[in-house]
1. Hey, among E217, E236, E208, which residue is modelled with pLDDT of 90 or more and under 30 Å from T308 (Cα atoms)?
2. Considering only residues that are of a type in the set (V, I, T) and within 16 Å of the ligand (Cβ to nearest atom), which ones fall in the stretch 65-111?
3. Could you check L144 against (1) part of a helix (DSSP H, G or I); (2) buried (at least 22 other Cβ atoms within 10 Å of the Cβ); (3) touching a helix residue (DSSP H, G or I) at 6+ places or on another chain (Cβ under 6 Å) and say which number it fails?
4. Return yes when I128 is among the aliphatic types (A, V, I, L, M) and surrounded by 20 or more Cβ atoms within 10 Å (Cβ to Cβ) and no when it is not.
5. If S116 satisfies all but one of (1) within 21 Å of the chain's Cα centre (by Cα); (2) buried (at least 19 other Cβ atoms within 10 Å of the Cβ); (3) not in a helix (DSSP H, G or I), what's the number of the condition it fails?
6. I'd like to know if the stretch 118-131 contains one or more residues that are of a type in the set (G, A, S) and either modelled with pLDDT under 95 or farther than 22 Å from I275 by Cα (or both).
7. When residues of the stretch 255-267 are filtered for being within 10 Å of the ligand (Cβ to nearest atom) and in a helix (DSSP H, G or I), how many remain?
8. Could you list, ordered by first residue, the pairs with Cβ atoms under 6 Å in which the first is in the stretch 328-357 and of a type in the set (D, E) and the second is surrounded by fewer than 20 Cβ atoms within 10 Å (Cβ to Cβ) and in a loop (DSSP other than H, G, I, E, B), at least 6 apart or interchain?
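The values are calculated or read from the model by the stated rules, or taken from the named source; none is laboratory data. Quick caveat: nothing in here was measured; it's all calculated off a predicted structure. Here the Cβ is made from the backbone with ideal geometry for all residues, glycine too, and neighbour counts use every protein chain on show.
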Amino acid sequence: MRFDFVPNWDVPEEITEEDKVVRKILKDNYTSEAWRCMNLTCLCPYFDGRIENSTNKCILPSGKILTKSIRREYRTLSDEERNIYHKAVRNLMENGLFDEISMVHYRVVSINEAHSKPEFWIWHRHYIKSLEIELRKINPEISLPYWDSTMDQNLPNSHDSIMWTDEFIGRTDENGTVISGPGAYWVTLNGHLLTRRTNFKSFGLFHEADIKYVLGESQLGMPRRPKIDNCGKQLEFLEIMHGDPHHYVGGAMDALITAANDPIFFLHHCFVDLIWELWRQQKNPNCHLIGLIDDDIDETYEYAPRPTCTKESPNCGSKYLFCDQSKKLPQCSVKVQLGGICKGLKNENQPCISEQCIEGICQYKPFKS
Ligand SMILES: [Cu+2]
């Protein structure tokens, strides 16, 4: 049988159309309310922990202390951290929770909620937090990483980023089927193998200039009062902008209804949430409502800063990133995979994951006799 990688969780034997459709029966009742917790004391029971009276800390059954999750850029995780993260995602796929959570997104999309309106920010914030909590229940050391796709967008060809390799979010075959990474051969809720675009050219990822534009704005659409005080437009722009990486990745990510079937959804939305958080922290009090003011701050997670570099301090904090100094302002970019285009980048900035940029292509050093 072709689909021997399908977890036997609730998947009936019934496979039709030459093994192309697998019907999953979901419980469709993801009801955990852990996402409502704004601090670790509240989260503690969801981890079977206990609050130690003297310190007020949450002690897990392992004896470790439950700490705030620190969300870091996906390419700054160590190899070990990344593998632990991938494994935990796979684990949720196999125990059915990943599908249950994907289904929550499917449901709100099908009733026209949480998108193209001010709830977009809050809703997706809570949504990705649900996945993070489930991942942390498997391993409390995990934090949801974010995908700062401006670092891929900076490359001569963003599809040459190491993002799309076996070690990271995975490769696709010529049909677009994801064949490695945490989404490898995953069967989505509509019964198809997870796909992504094989040709990424038609859409862009996040552009630094657009993020700067959003952060430069001081007002926000007020929930339920979108047109008042000219507060309406800026975050709408960010929501529209967030669509480009969806289309860029393509496949399941291309459509709202299926997007959350791809694990990359959560990396992308985590970055979207980070931009929102950066914006929120510099809010304009005149355009402010509940959910945005400081006493609503969520103490269960925080964001590590986005990787940055300067000429004087060119370290982007990971062997998978480099400080691109070929442009006016130095900026951290993700490295280019073997065989990828590095034309225009400076070899001394080490843009290639392989040894060298030779004649515009990342390759190994030529053999010297
Ligand atoms: Cu959504």
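1. Values: E217 fails: modelled with pLDDT of 90 or more; E236 fails: modelled with pLDDT of 90 or more.
Sole residue among the options that is modelled with pLDDT of 90 or more and under 30 Å from T308 (Cα atoms): E208.
2. Correct list: I101, V104, V108, V109, I111.
3. For L144, the exception is condition (1).
4. When the stated conditions are applied, I128 passes them.
5. Going through (1) within 21 Å of the chain's Cα centre (by Cα); (2) buried (at least 19 other Cβ atoms within 10 Å of the Cβ); (3) not in a helix (DSSP H, G or I) one by one, S116 breaks only (2).
6. no
7. Qualifying residue count, the stretch 255-267: 3.
8. E355/Y364; E355/K365
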